[in-house]
Ligand code: UDP
């Protein structure tokens, strides 16, 4: 009967990119807590996680995929989260509505970047609780909300003049150059949150307590992460939906040969592209630092690699100082390895949270979107990271030049991994955060309890509905 059957949650992730990964993990986590999770996707985008869901089903979890069919000839490209506006997914509106009319789930969790979904779902008047996933932590959301509300960026005269974000528990300074696509994201969030039932957040209370409290004053919210920790499946960790460009065992062997906490892992997420000049500066800086490293480079060279880079790759291989991965890397597996002692990251929220969960301090190098806020959380609030330099995001993708020189790269690597007191302190703090993250998702932990509470609330709602019908 409807009271005892499991609570059914629909998850409607964004198409590809860094937003899809955490929502799949979240669906998995709720299924592990006893809900029936259904992931709504397209044929093309489901290919990247289909196998992992099949594995979950085989181990007895109640998790499914429902495919929305696109109109003939229609194609939805993968999202490049660094581009604005992001992919328009509104061609999914008709099939989504049809699905919701056929099967009334207990809730639907949708990504804020399906900007049309709020109206589409609410206008159906089916009384299905609509829950928003915004892809960020509470700190970044509070920063964005307070900039929207108090407009401190309008009080400065240039793109590079710092302003303080009012109304936060910590003193946070930003510049206008660090607010790319601000209005677009703020409007999208605003639109999604109007009339929503609540917000689910991939974070954990102990990471940002002041900001969780602040966020919860404005939003009905469930803080349920880090969701990446809920997936114990090794193959999923390695792939994160894409086939890794290198077999995991050879990476693990390479890492095994290095001293504990000595290796720097360098990755700029799934979307960012670096100018060739910038890549060379990083290469020189890494080489000069003498620190072992794993560097994930995707198709940045657009064809020909320069002579310098080919020689560099060869040299790093011979000296065993560095391992270069051309393509998708098993990021979680690498970060979890005991030899990794630092993470040079673009501060995408997933990467930031994965670094935290694995107890790894960071070198921050934000490129776009809310990455600039996440950097502040890491360096100014948590104090588990050093920034490698300020840059103007506009120059990053478009101009063939380097914003951060080799000396700055070398200095940042030495500061974090060179054995100095500051680096050691950051590592100890990061390790503690990592332990707290794991506790949060274990039985009785804060995120665990929040996830259970959401399921219970949805079940109670259903019970009230049943009573209403019976009356
Ligand atoms: N990722 C990965 N291998 C790669 C690049 C990225 O597994 O080579 C994963 C990473 O672990 C994270 C996600 O892709 O879960 C990237 O999300 P994030 O929010 O950090 O950045 P975005 O890609 O959205 O800029």
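Every residue, every condition in (1) away from the ligand (no atom under 16 Å from the Cβ); (2) farther than 30 Å from residue 445 by Cβ, yes or no:
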residue	(1), (2)
127	yes, yes
135	no, no
153	yes, yes
156	yes, yes
164	yes, yes
167	yes, no
199	yes, no
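Could you list all residues from the range 356-374 that are in a loop (DSSP other than H, G, I, E, B) and either away from the ligand (no atom under 11 Å from the Cβ) or within 17 Å of residue 138 (Cβ to Cβ) (or both)?
Answer for the range 356-374, where residues must be in a loop (DSSP other than H, G, I, E, B) and either away from the ligand (no atom under 11 Å from the Cβ) or within 17 Å of residue 138 (Cβ to Cβ) (or both): 359, 360, 361, 365, 369, 370.
Of everything in the range 166-176, what is in contact with a helix residue (DSSP H, G or I) (Cβ under 7 Å, 6 or more places away or on another chain) and either farther than 30 Å from residue 109 by Cα or surrounded by fewer than 17 Cβ atoms within 10 Å (Cβ to Cβ) (or both)? Give them in sequence order.
Scanning the range 166-176 gives 166, 167, 169, 170, 172, 174, 176.
Any residue in the range 306-314 that is farther than 25 Å from residue 403 by Cβ and either more than 12 Å from the ligand (Cβ to nearest atom) or in contact (Cβ under 8 Å) with a residue 12 or more places away in the chain (or both)?
Yes, the conditions are met somewhere in the range 306-314.
Scan the range 289-309 for residues that are buried (at least 19 other Cβ atoms within 10 Å of the Cβ) and either at pLDDT 95 or above or part of a loop (DSSP other than H, G, I, E, B) (or both) and jot them down. Spell out the reasoning first.
Going residue by residue through the range 289-309, those that are buried (at least 19 other Cβ atoms within 10 Å of the Cβ) are 289, 291-298.
Matches in the range 289-309: 289, 291, 292, 293, 294, 295, 298.
Could you look through the range 240-278, keep only residues that are within 11 Å of the ligand (Cβ to nearest atom) and in a strand (DSSP E or B), and pick out the one that is surrounded by the fewest Cβ atoms within 10 Å (Cβ to Cβ)?
This residue is 267.
Check whether at least one residue in the range 319-331 is in a loop (DSSP other than H, G, I, E, B), within 12 Å of the ligand (Cβ to nearest atom), under 24 Å from the mean Cα position of the chain (by Cα) and surrounded by fewer than 22 Cβ atoms within 10 Å (Cβ to Cβ), and report yes or no. Give the steps one after another, and end with the answer.
The initial filter retains those residues of the range 319-331 that are in a loop (DSSP other than H, G, I, E, B), namely 320-321, 327-330.
Still in the list and also within 12 Å of the ligand (Cβ to nearest atom): 327-330.
Filter again for under 24 Å from the mean Cα position of the chain (by Cα), leaving 327-330.
So of that shortlist, the ones also surrounded by fewer than 22 Cβ atoms within 10 Å (Cβ to Cβ) come out as 327-328.
Yes, the conditions are met somewhere in the range 319-331.
A quick yes/no check of all residues on (1) farther than 23 Å from residue 284 by Cα; (2) under 15 Å from the mean Cα position of the chain (by Cα); (3) modelled with pLDDT of 95 or more; (4) not in a loop (DSSP other than H, G, I, E, B):
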| residue | (1), (2), (3), (4) |
| --- | --- |
| 354 | yes, yes, yes, yes |
| 376 | yes, no, yes, yes |
| 386 | no, no, yes, yes |
| 391 | no, no, no, no |
| 404 | no, no, no, no |
| 414 | no, no, yes, yes |
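Just to check your reading of the model, which residue among 349, 365 is buried (at least 21 other Cβ atoms within 10 Å of the Cβ), out of contact with any helix residue (DSSP H, G or I) (no Cβ under 7 Å at 6 or more places or on another chain) and touching a residue at least 12 places away in the same chain (Cβ under 8 Å)? Quick ask: steps written out before the conclusion?
Values: 349 fails: out of contact with any helix residue (DSSP H, G or I) (no Cβ under 7 Å at 6 or more places or on another chain).
Result of the check over 349, 365: 365.
Test residue 283 against the stated conditions and say whether it is within 16 Å of the ligand (Cβ to nearest atom) and crowded, with 17+ Cβ neighbours inside 10 Å. Before you say what the answer is, go through the steps one by one.
Working: within 16 Å of the ligand (Cβ to nearest atom): no; crowded, with 17+ Cβ neighbours inside 10 Å: yes.
It is false that residue 283 is within 16 Å of the ligand (Cβ to nearest atom) and crowded, with 17+ Cβ neighbours inside 10 Å.
Go through (1) closer than 21 Å to residue 416 by Cα; (2) touching a strand residue (DSSP E or B) at 6+ places or on another chain (Cβ under 7 Å); (3) away from the ligand (no atom under 13 Å from the Cβ); (4) assigned to a helix (DSSP H, G or I) one by one and return the number of the condition residue 335 breaks.
Result: residue 335 passes all but (3).
Of all the residues that make up the range 420-471, how many are outside any helix (DSSP H, G or I) and modelled with pLDDT under 95? Don't jump to the end; show me each part of the working.
Looking only at the range 420-471, we keep the residues that are outside any helix (DSSP H, G or I), and these are 420, 442-445, 471.
Keeping just the survivors that are modelled with pLDDT under 95 gives 471.
The total comes to 1.
For residue 66, indicate whether it is part of a strand (DSSP E or B) and within 22 Å of the chain's Cα centre (by Cα).
Working: part of a strand (DSSP E or B): yes; within 22 Å of the chain's Cα centre (by Cα): no.
No; evaluated as a whole, the condition is false for this residue.
Taking into account only those residues within the range 19-35 that are more than 13 Å from residue 108 (Cβ to Cβ) and more than 15 Å from the chain's Cα centre (by Cα), which is surrounded by the fewest Cβ atoms within 10 Å (Cβ to Cβ)?
Residue satisfying both the conditions and the ranking: 34.
Can you give me the number of residues within the range 1-39 that are within 21 Å of residue 270 (Cβ to Cβ) and in a strand (DSSP E or B)?
3
Criterion first (touching a strand residue (DSSP E or B) at 6+ places or on another chain (Cβ under 6 Å) and crowded, with 24+ Cβ neighbours inside 10 Å) does residue 46 satisfy it?
Criteria not met by residue 46.
The values are calculated or read from the model by the stated rules, or taken from the named source; none is laboratory data. Not measured: the values here are computed from a predicted model. Backbone-built Cβ (ideal geometry, glycine too); neighbour counts: all protein chains shown.
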